[in-house]
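Written below as structure tokens is the structure these notes are about.
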Amino acid sequence: MTVMQKKWVDLHIHTTASDSLLAPQEVVEIAKECGLSAISITDHDAIDGFVEAKQKADELGIELVPGVELSVAYQGEDFHLLGYLIDYENPEFLKKINSFREERFIRGEKMVEKLNELGIDLRMETVKSIAGNGSVGRPHLADALVKEEFVHTYDEAFARYLGYHAPAYVPKKYLTPKEAIDLIHLVRGVAVFAHPGTSRSQQAIYDFLEMGLDGIEAYHCQHDRYVTTHHINLAKKLGLIYTGGSDCHGRRKGKILIGTVKVPYRCLEMLRKVKEENY
Ligand code: AMP
Ligand code: FE
Ligand code: FE
Ligand code: ZN
């Protein structure tokens, strides 16, 4: 009797190319140790983490799916869209992604200025030394505030200075959801609504559906099993696919989450099927 071995994936992982503490190669090694069959690297506004991980993934025999996570603003709320199986070498796409990264850097400088106005003598140099080549985000500023002992913890940095309603917060230059979905489709990718369980309402899913959304992220580190089941059912009802991943940021969010959210291989097959049908 043959026993069918179930295959698992993790389709939402960050690297040092954005705001994780894990290098792309380390991500692949950990995924291998966890016994995952496939992963997707989905950095905020960056693709170089995926590119750097490719060789290691080939070596270790792990399927690596190109991905990106884009931030959008809609009706006063901040949402994330995942783009999967994108043609990541498309020059127009690379130009856009690079401009988002440049804007993130400028926003970082603005937040440092705001901190300075608040009497916090943080330097952009410190933020840069932490971010390295990664696209600059609030997590880098939070780490810099901890490093320079302006706060005791990462969470305190958000609570006192960097959170949405805190005094040093500067919004990003957001895309509209339609622009983000169109950009993902321009590079023949599959557009998935990231971690819907963390949004205030479900209405955005219905609205983004009208704009061409392809799927919903049902499995996520912040979704309990009820939230996951709800989104799988919602996806089925709306004729969308469902995906999932850990949203690992290395130890920045406590522990390394790769492989801790069980996502069936079938989710990757659904992504491939949508790509095949649409392009
Ligand atoms: P950014 O894209 O630069 O606005 O940074 C967003 C990231 O900051 C999120 O992906 C989280 O990892 C982190 N973050 C946002 N708000 C908080 C918070 N209140 N506490 C801890 N981390 C947060
Ligand atoms: Fe992040
Ligand atoms: Fe996200
Ligand atoms: Zn993420």
Rough spin-label spacing in nm, given labels placed 7 Å along Cα→Cβ, for residue 110 and residue 90
2.7 nm
Low-density loop cleavage sites - GluC sites (Glu not before Pro) in the range 93-182, where at most 15 other Cβ are within 10 Å (DSSP)
148, 149
Whether the chain is rounded, prolate or oblate, judged on the alpha carbon gyration tensor where a/c under 1.5 counts as rounded
prolate
Net lengthening on full extension, residue 117/residue 222 (0.36 nm per residue, minus Cα-Cα):
34.4 nm
Count charges around residue 116 for me, please; just the other residues with Cβ under 12 Å from its Cβ, Lys/Arg as +1, Asp/Glu as -1.
-1
Suppose R0 equals 30 Å; then what is the FRET efficiency for residue 60 and residue 255 from their Cβ-Cβ distance, rounded to the nearest 0.05?
0.85
Summing +1 for each Lys or Arg and -1 for each Asp or Glu, what net charge is found among the other residues whose Cβ lies under 9 Å from the Cβ of residue 183?
-2
Label model pair residue 6, residue 98: point-to-point distance (7 angstrom along the Cα→beta-carbon line) in nm is 4.5 nm
What ranking do 34-44, 67-77 get when scored by the average of other Cβ atoms within 10 Å per residue, highest first?
34-44, 67-77
Rounded to the nearest 20 debye, what is the charge dipole size of the chain about its Cα centre when +1 sits on each Lys and Arg Cβ and -1 on each Asp and Glu Cβ?
620 debye
Computed about the Cα centre, the charge dipole of the range 84-131 from +1 Lys/Arg and -1 Asp/Glu charges at the Cβ has a magnitude in debye, to the nearest 20, of 80 debye
Given a 1.4 Å probe, how much area per residue of the chain is accessible, in Å²?
47 Å²
So what is the 222 nm mean residue ellipticity for the chain from helices alone, if each DSSP H run of at least 4 adds -39500 (n - 2.57) and you divide by all residues, rounding to the nearest 500 deg cm²/dmol?
-13000 deg cm²/dmol
Within 10 Å, count the other beta carbons around each residue, average over each peptide in 130-137, 55-62, 192-199, and list them highest first.
192-199, 130-137, 55-62
Short version: ³J(HN,Hα) in whole Hz for each residue of the range 235-249, in order, from phi by Karplus 6.51 cos²θ - 1.76 cosθ + 1.60 (θ = phi - 60°), x for Gly and Pro, what are they?
4, 4, 4, 8, x, 9, 8, 10, 9, x, x, 7, 6, 5, 10
Excluding ligands, DNA and RNA, the carbon-plus-sulfur percentage of the accessible area of the range 1-147 with a 1.4 Å probe reads 50 percent
Going by the alpha-carbon gyration tensor, a ≥ b ≥ c the square roots of its eigenvalues, is the range 109-162 rounded (a/c under 1.5) or, if a/c is not under 1.5, prolate (a/b greater than b/c) versus oblate?
oblate
For the chain, with the dipole built from +1 on Lys and Arg beta-carbon atoms and -1 on Asp and Glu ones, taken about the Cα centre, which of 49, 193, 8 lies farthest toward the positive end?
8
Tell me, rounded to the nearest percent, the portion of alpha carbon pairs in the range 108-199 spaced more than 21 Å apart.
42 percent
Mind running the shape call on the range 206-258? Use the C-alpha gyration tensor, a ≥ b ≥ c as the square roots of the eigenvalues: rounded below 1.5 for a/c, prolate if a/b tops b/c, oblate otherwise.
prolate
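The values are calculated or read from the model by the stated rules, or taken from the named source; none is laboratory data. These figures come from a predicted structure and were not determined experimentally. Here Cβ is always computed from backbone atoms with ideal geometry, including for glycine, and neighbour counts include all displayed protein chains. Ligands, DNA and RNA are excluded from the accessible area calculation, which covers all protein heavy atoms including side chains. Shrake-Rupley method; radii C 1.70, N 1.55, O 1.52, S 1.80 Å.
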